[in-house]
Every structure is written in C-alpha cells, then in structure tokens.
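Enquirer: Once you've had a glance at the structure underneath, I'll fire off some questions.
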Amino acid sequence: MKILTINCGSSSIKYKFYSFPKGESLSAGLIEHIGEGHSNLTDHAQAMKVVFDNLFKARAITSIGEIEAIGHRVVHGAETFWQPHRITPAVINKIKECSKFAPLHNPANLEGIKACTQALPRVAQVAVFDTAFHHSIPEYAYMYAVPFEYYRRDGIRKYGFHGTSHQFVAQQASRILGKPLGKLNLITCHLGNGCSITAIQQGRSIDTSMGFTPLEGLIMGTRSGDIDAAAVLYLMEKNGLAPREIDQILNKKSGLLGISGISNDMREIKKGVKKGSRRARLALDMFLYRIVKYIGAYWFILGGADAVCFTAGIGEHNPDFIARIKKQLAGVVKKTTKFLVVPTNEEQMIGLLTYNLIKSKKRA
Ligand code: ADP
C-alpha cells in the first residue's frame, strides 16, 4: 500500500512517501514559506500541489491514484483521541476542539487535512496524534495537584508529546535487543530542539517529561522546562508581563538560548564551551544534569530498565554526552543495561500506524 505522510506546520509541509508493509521510503521533501509575503505559495492547497508534482518528478508515482492513503501528524488529541483515527468530518470537528490546547499546531495540521481532502477526496486519511502513545500513563502520574475541578472543567493534566517518536524508538530498541516490546522496560530520550524523556514499562508509556504543553520537563533549545510556577507569577507581577509575553519568554527565549545568550543550537553551545564561554558551559551542564535527574527518577518508577535510548538531533550526534550520562548513572543502572542511539523516524511510524488502521478496517 502506497502511503503519503504529512507533517503540516503553519508555513511548511514535510512529506514522505512509503510503500507498506515493508515501510520502504520512496520519496520525501519539505515545502516551506507557505503564505509568507515573498512566496508564491499562498496557502496549503497550493503547497500540496507542489507535493504531488514532486512525487511525479521523483517518479514515485505515475498517477495521483497511486496514493492509497494519507497519514497526518496531529499534535494534540487531548482525551478525545488516544489512538490513530480515520479522518471524517466528525473527527475534524473534534480535532478543532482540541486546538484550544495546541492553538499553533492543531490548526496547521488541519490545514494539511483540508488541502488533502480537496485534492484527493476519496483517499483514506488518518490522523496520528503526538499525545496518543502516552494514553497509558496512570492517573496518579498525569494529574497535577491543583483543585480537581481544573482537571474536570478545563482539562488541566499531563498529556505528553513526541509520542510517535518515543513509540518508534521503543520498537526499534525491541528489534535491536531481540526481545518483544511487551517484555521490555525502556527510558527513551528524544533530544532535539524540543526534548522529552519517556518511561516505558512493558512497551507502554507510564510517564513522560512534557506535560499539559511541551514546556514542562527537560531544558530545551528555547524552552525552560521545569520551573516553579510561583516564579512565573512573580515575574509577571513584578515586570507587568501579559500572559502572551511570559509565554514567549518561557517558550522562545529560555532554555539553552536563554542561559548561554549564544544560541538554541547545541552545536553553537559546544563551540561556545570550547571558546571558554562560562554561560555556554552552564547551559550544557544544566541540560545534562536535568536529563540525568529524569533518567534517575524513571529508572526507579520502572524498577530498572533494559535500555536507555537516545534519539533526535542532539541524542543522535553527541556520543560524548551519552558517555557522560552513562558515567554518572554507572552506580545506579545494571551492568546489562544498554545505552542505545536509535535514529527516530516519526514519519515511518505515522505511515505504519496508518497502514495498520486501514488494513484492520478492511479486514473488519
Ligand atoms: P527538531 O526537534 O526541530 O526536529 P532536531 O531533532 O533536528 O530538532 O535537533 C536539533 C538539535 O540537534 C539542535 O540543537 C542541533 O544543534 C542538534 N544537532 C544536530 N546535529 C548535530 C551534531 N552533528 N552535533 C551536535 N548537535 C547536533
């Protein structure tokens, strides 16, 4: 089955084209600057036409009818979607409702769905949610200890993100270790621009570091990660900051960038350290300290793990970090615990989940 996967941002479409069940990648690309002043791509519908043209040019298809299904990344499924869903008008409406929790991402994802529906109205489309893999986190771990009504009325709880990546990495680890996923305990560290760690018990997520939004947990490129909520209130009050302004500070100006004053990019931080920048060194030390702290916590809630896995830009390219983390954890982890670098492939996971859902519906 030929499946197109779409990861649609507000001004970009990242696509990959696969043949399943093998999961063979036939073509891939990125369309950028959609709707930006200087661009001739005014909307996502036009950008989708470029995607189809590219597939023709790459000889991945000879007719548009060869695209048998489309899998979309959707960031937030809230408590409505704990599994991939076949896209219908009702599902679209519910994804819209979830936009209140991801106001930048879900509407962009919906633009991609709309553009594909216009272009290929009869092709099956599936939404794969970033939050879904974390459906198995128990209540005592996903609740925040604020008055219960804020959970019931406003949906305040941990949802977790990067689920598709953690799920993919867990499956790959199971292959590498030659053990069924259902018999494995893993700690998966997705360290990209956004960073999160997941505790996986017998193949299921039981806790993850991101929370109600991707802001919680690890120190990231531009996000603070964990911070005392009272410090945020103090800053707002003292500096007269509006919610939007503090949101920008915590999500866009903090993390590696905020501490180092140099960059959100780990390569630049490392260069800064080499040149003797004290703040770059501090940013790096804080980044690694927080990772070790989470791995330690997850090690104990899991009762030990078979492997600690590292993925995404930082996780895949910094063996010196992994050596440092491993050294620090040496007194805690078992001698048999593996430290694995597992390149992530969220698109392939989206393709596979799309394939599985459509195949199971056909069988039914
Ligand atoms: P995103 O979350 O946007 O997909 P990536 O997974 O591409 O991000 O990760 C981006 C991060 O990975 C950046 O901090 C970048 O510096 C880091 N990175 C990528 N390649 C390397 C490398 N070769 N060495 C060190 N860091 C790297």
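Enquirer: For a quick check of your reading of the model, give me the residue pairs whose first member lies in segment 77-102 and is crowded, with 18+ Cβ neighbours inside 10 Å, whose second is at pLDDT 95 or above and of a type in the set (D, E, K, R), with beta-carbon atoms closer than 8 Å and at least 6 apart or on different chains.
Expert: These pairs meet every condition: Gly77/Asp130; Ala78/Glu97; Phe81/Lys94.
Enquirer: Mind checking whether some residue in segment 298-313 is among the aliphatic types (A, V, I, L, M), surrounded by fewer than 16 Cβ atoms within 10 Å (Cβ to Cβ) and either within 16 Å of the ligand (Cβ to nearest atom) or modelled with pLDDT of 95 or more (or both)? It would help to see each step written out before you state the result.
Expert: Filtering segment 298-313 for residues among the aliphatic types (A, V, I, L, M) gives 301-302, 305, 307-308, 312.
Subsequent filtering for residues that are surrounded by fewer than 16 Cβ atoms within 10 Å (Cβ to Cβ) retains 301.
Restricting the remaining residues to those that are either within 16 Å of the ligand (Cβ to nearest atom) or modelled with pLDDT of 95 or more (or both) gives 301.
The answer is yes, given that some residue of segment 298-313 is among the aliphatic types (A, V, I, L, M), surrounded by fewer than 16 Cβ atoms within 10 Å (Cβ to Cβ) and either within 16 Å of the ligand (Cβ to nearest atom) or modelled with pLDDT of 95 or more (or both).
Enquirer: Have a look at Val273, Val292, Val341 and point out the one that is modelled with pLDDT of 95 or more, at negative phi, touching a Lys or Arg at 6+ places or on another chain (Cβ under 8 Å) and of a type in the set (A, V, I, L, M).
Expert: Values: Val292 fails: touching a Lys or Arg at 6+ places or on another chain (Cβ under 8 Å); Val341 fails: touching a Lys or Arg at 6+ places or on another chain (Cβ under 8 Å).
Unique residue meeting the criteria: Val273.
Enquirer: For segment 315-340, enumerate the residues that are over 15 Å from Tyr289 (Cα atoms), within 14 Å of the ligand (Cβ to nearest atom) and crowded, with 17+ Cβ neighbours inside 10 Å.
Expert: Within segment 315-340, just Asn318 meets the criteria.
Enquirer: Only residues in segment 49-63 that are loosely packed, with under 14 Cβ neighbours inside 10 Å count as the first member; pair them with residues that are of a type in the set (Gly, Ala, Ser) and at pLDDT 95 or above, Cβ under 6 angstrom, at least 6 apart or cross-chain, and list the lot.
Expert: Going by the 6 Å Cβ cut-off, the qualifying pairs are Ala58/Ser27.
Enquirer: While we're here: Name the single residue, out of those in segment 270-293 being surrounded by 18 or more Cβ atoms within 10 Å (Cβ to Cβ) and touching a Gly at 6+ places or on another chain (Cβ under 7 Å), that is farthest from Leu186 (Cα to Cα).
Expert: Ala280
Enquirer: Can you go through Gly225, Gly261, Gly240 and tell me which one is under 24 Å from Cys195 (Cβ atoms) and either surrounded by fewer than 16 Cβ atoms within 10 Å (Cβ to Cβ) or touching a Pro at 6+ places or on another chain (Cβ under 9 Å) (or both)? Please lay out each step first, then the result.
Expert: On the way: Gly225 fails: either surrounded by fewer than 16 Cβ atoms within 10 Å (Cβ to Cβ) or touching a Pro at 6+ places or on another chain (Cβ under 9 Å) (or both); Gly240 fails: under 24 Å from Cys195 (Cβ atoms).
Going through Gly225, Gly261, Gly240 in turn, the sole match is Gly261.
Enquirer: Do you know which of the residues in segment 177-193 that are within 16 Å of the ligand (Cβ to nearest atom) and part of a strand (DSSP E or B) is farthest from Cys309 (Cα to Cα)?
Expert: Here is the first cut: in segment 177-193, the ones within 16 Å of the ligand (Cβ to nearest atom) are 188-193.
Okay, now just the ones that are also part of a strand (DSSP E or B), so 188-191.
Working: Thr188: 5, Cys189: 6, His190: 8, Leu191: 10 Å.
Here the answer is Leu191.
Enquirer: Please go through segment 124-150 and pick out each residue that is part of a helix (DSSP H, G or I), among the aromatic types (Phe, Trp, Tyr) and surrounded by 16 or more Cβ atoms within 10 Å (Cβ to Cβ).
Expert: Quick first cut of segment 124-150, residues part of a helix (DSSP H, G or I) only: 132-136, 139-142, 148-150.
Applying the additional criterion that residues be among the aromatic types (Phe, Trp, Tyr) yields 133, 140, 142, 148, 150.
Answer for segment 124-150, where residues must be part of a helix (DSSP H, G or I), among the aromatic types (Phe, Trp, Tyr) and surrounded by 16 or more Cβ atoms within 10 Å (Cβ to Cβ): Phe133, Tyr142.
Enquirer: To continue, here is another question. Scan segment 259-283 residue by residue and report those that are assigned to a helix (DSSP H, G or I), away from the ligand (no atom under 14 Å from the Cβ) and closer than 20 Å to Asp226 by Cα.
Expert: Initial filter on segment 259-283 (assigned to a helix (DSSP H, G or I)): 259-260, 266-274, 278-283.
Still in the list and also away from the ligand (no atom under 14 Å from the Cβ): 278-279, 281-282.
Arg279, Arg281, Leu282 - these are the residues of segment 259-283 that are assigned to a helix (DSSP H, G or I), away from the ligand (no atom under 14 Å from the Cβ) and closer than 20 Å to Asp226 by Cα.
The values are calculated or read from the model by the stated rules, or taken from the named source; none is laboratory data. Owing to the predicted nature of the structure, the values given are computational and were not obtained by experimental measurement. Backbone-built Cβ (ideal geometry, glycine too); neighbour counts: all protein chains shown.
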